[in-house]
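First comes the structure, then the notes that go with it.
The values are calculated or read from the model by the stated rules, or taken from the named source; none is laboratory data. Predicted model only: the values in this text are computed from it and were never measured. Here the Cβ is made from the backbone with ideal geometry for all residues, glycine too, and neighbour counts use every protein chain on show.
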Amino acid sequence: MHFIYFYLLFKRPTLLIILLLSLVGCATVKEKHSEIIKNQPTPAIKYALSLQGTPYNYGGDMPKKGFDCSGFVKHVYEQQGIKLPRSAYDMALTLPVITNDKIQTGDLVFFDVNSKPYSHVGIYLNNNQFIHAPSEQTGKVLVSSLKNSYWQKHYRGARRPKK
């Protein structure tokens, strides 16, 4: 085996580089796969993801009628036996604060929109992704990135629903 590496190093360095890069690529894919296995979605997250595409409806809190942001979050957690206040603002005031370095799948993420404190809420998924019912313009429940400049600018913190 060492002979092959020696030969490639001196006779075919380009081929050696390609071989090494392909091995690194395989390690990366394996790492991502094991991360997905390690982070199996909870029943709440599975249910929330099943509601993607449900229409936005201001004041809505049921799949058949559609959701606003807090109605969506409240509905998802009620299905798991967890009672939450109806408004995003009240959720933010009553649930325990979670620092950004401790955020976990299922935590709630809060935003100030329309110059109102804690006026939007979503459910943190993983890898800076969250699911929410954003607005009439977007029109439906969807997954967004916390790295999006709009959400970064308006982000106000996370809270953990009590189990």
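Structure notes:
- Residue, nearest to Met62 (Cα to Cα), within segment 81-100, restricted to residues that are touching a helix residue (DSSP H, G or I) at 6+ places or on another chain (Cβ under 7 Å) and either aliphatic (A, V, I, L, M) or in contact (Cβ under 8 Å) with a residue 40 or more places away in the chain (or both): Leu84
- Filtered residues of segment 24-57 (kept if surrounded by 10 or more Cβ atoms within 10 Å (Cβ to Cβ), out of contact with any strand residue (DSSP E or B) (no Cβ under 9 Å at 6 or more places or on another chain) and at pLDDT 60 or above): Thr42, Pro43, Lys46, Tyr47, Ser50
- Whenever a residue of segment 120-142 is polar (S, T, N, Q), its partners that are assigned to a loop (DSSP other than H, G, I, E, B), lying with C-beta atoms within less than 7 angstrom and at least six residues away or across chains, give the pairs Asn126/Asn39; Asn126/Thr105; Asn128/Leu146; Asn128/Lys147.
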